[in-house]
Every structure is written in C-alpha cells, then in structure tokens.
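This report refers to the structure that appears directly beneath it.
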Amino acid sequence: MLPFLVFGFFAEVIAASVGFGASTILLPLALLYFDFKTALTLVAFFHLFGTLSRSYFFRAGLNRKIILQFGTTSIIFGLLGAFLANTLTQTMLKGLLGVFLTLYGLLSLIKKDIRIKAAPANLIFGGSLSGFLAGLIGTGGALRATFLAALKSKKQEYLATTAVVALAVDLTRIPVYLSSGFLASTYFWWLIPLFLTAVVATFLGKQIALFLPAKIFERLILLAITAAGFWFTYLWLFP
C-alpha cells in the first residue's frame, strides 16, 4: 500500500499545481499492483478526494458559466462512459487520445496564440468528450485541461473550474463502478489513508501553483499535456 500512497502523493501534487494529472500518472502505476477494475476504482476515489480538496482550496476562482456549460455535459457523458467501461476496448482510445494530446501540446508550445473561444458550443463539446473519456478510461483530465487552458483563463479560475468539473464527474462515475462490483469490500479501508494523502498533497500543490508566474504556469500546463500525450501514445505502441 505504501508505494501506491507515495505515487499518489506526488501525482496529486502535480495535479494541484497544473490542474490535472493525478489519474494520468497514477492509473498506469496502479495497474502494476491491481487488476484494471480495482485500479480504476481506487484511483477514481483518490481523484475524488483530490478534486474535492482542490475545489475547496481554489474556490475563490470559480467560474459558474463555464462550470454549468462544460460541467453539465461532462457529468452526462461521464456517466455514459462509466457504463461502457466494462464493454469497450481501452487500448485504442488511450492511443488516439495520446496522439491528439501530443500534437496539440507541441503545436501550442510552438504557436503560442492558440485559443478556444468560451462559446457554448465549444464548452459543450469539450465537456462531453472529456467527461466521456473520464468515465470510460479514468483519465479525461488531460483533455479537460486542454480545452480549459485554451480559454486563457486566469490561474485561480482555471484551477478552480477544472477541479469542480472533475469532482462532478467523479461523483457520477464512482457509484457506477461500485454498483458494477469493481471494488472488493476488502479495499474499503484504503479510502481513509487515500483521503488524508490527497488533502496534504493538494495543499502542497496549491502553494506551488500560486508561487509560479502566470507565463511559466501556462507553459507548464502545455508541457504536462504534451507529456501525458507521449505517455498514452507510448503505452499504446508498446503495451
């Protein structure tokens, strides 16, 4: 259990610093210790505790318009993805997601003026796609961050919005995992140390995020998106 908590701690520090990454980093590592269903559910709970903590720590930056338009579709499609998690192949989806994130991240690092308008259609599309992937493969945060970062929001607003949307998706998909029998009751006691680890890691990540200058923060997000893309692509090509 200790290695899982250590990995989780550093994953959540990164997630709290750049707005995503806890599941992206932790899920592949969890698969070294657990079967896919157990790993998916334990990481989902840890992600829930992290997004809950981030929602509280960054609450001053909440943007209700984006949360409503982006978050509502994320919840609906996150629920759909969770129901399909036991029926569709995961490998190809992660591979395609990896290619997209890599290309977008590299292009954004080279061409710095890429921006998505905060139009309802864009928010609905981004929320639907990222929510579906979160429910299906447990790692929709990188795509969610890609859409929300492209809105060029202020740091606190970006971190608060990504956290609340992710929290809503977590609250939707976890009951589906549990009702489908993804997590044995012998693992329920793990939730206490997972919660405590997430809270402490989120607090540390918040200090790092608030310390970083805005320009460096934006570049760090793009580097994290690109790294996530490379990681997913690598796992696809070399399973």
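The values are calculated or read from the model by the stated rules, or taken from the named source; none is laboratory data. Quick caveat: nothing in here was measured; it's all calculated off a predicted structure. Every residue, glycine as well, gets a Cβ built from its backbone with ideal geometry; the counts of neighbours run over all protein chains shown.
Annotations
- The number of residues in segment 23-39 that are in a helix (DSSP H, G or I) and within 16 Å of residue 183 (Cα to Cα) comes to 6.
- In segment 205-239, residue surrounded by the most Cβ atoms within 10 Å (Cβ to Cβ) [restricted to those that are among the aromatic types (Phe, Trp, Tyr) and out of contact with any Ser or Thr (no Cβ under 9 Å at 6 or more places or on another chain)]: 234
- Residue in segment 147-155 that is among the aromatic types (Phe, Trp, Tyr), modelled with pLDDT under 90 and surrounded by fewer than 24 Cβ atoms within 10 Å (Cβ to Cβ) present: yes
- Some residue of segment 65-78 being of a type outside the set (S, T, N, Q), modelled with pLDDT under 80 and either farther than 24 Å from residue 13 by Cβ or assigned to a helix (DSSP H, G or I) (or both): no
- Annotation note: of 45, 20, 49, 7, the sole residue that is surrounded by 18 or more Cβ atoms within 10 Å (Cβ to Cβ), in a loop (DSSP other than H, G, I, E, B) and of a type in the set (A, V, I, L, M, F, W, C) is 20.
- Lone qualifier among 202, 197, 186 - being loosely packed, with under 15 Cβ neighbours inside 10 Å, modelled with pLDDT of 90 or more, hydroxyl-bearing (Ser, Thr, Tyr) and in a helix (DSSP H, G or I): 186
- The set of residues in segment 53-73 that are touching a Phe, Trp or Tyr at 6+ places or on another chain (Cβ under 9 Å), in contact (Cβ under 8 Å) with a residue 60 or more places away in the chain and closer than 13 Å to residue 168 by Cβ contains only 70.
- Verdict on residue 148 being among the hydrophobic types (A, V, I, L, M, F, W, C), part of a helix (DSSP H, G or I) and in contact with a Phe, Trp or Tyr (Cβ under 7 Å, 6 or more places away or on another chain): yes
Here's the yes/no breakdown for (1) of a type in the set (D, E, K, R); (2) under 13 Å from the mean Cα position of the chain (by Cα):
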site	(1), (2)
26	no, yes
29	no, no
35	yes, no
38	no, no
48	no, yes
62	no, no
66	no, no
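- Identity of the residue in segment 172-183, within 19 Å of the chain's Cα centre (by Cα) and at pLDDT 90 or above, that ends up farthest from residue 142 (Cα to Cα): 175
- Summed over segment 224-239, the residues that are more than 12 Å from residue 21 (Cβ to Cβ) and of a type in the set (A, V, I, L, M) give a count of 2.
- The set of residues in segment 135-164 being hydrophobic (A, V, I, L, M, F, W, C) and in contact with a Lys or Arg (Cβ under 7 Å, 6 or more places away or on another chain) consists of 137, 150, 159, 160, 163.
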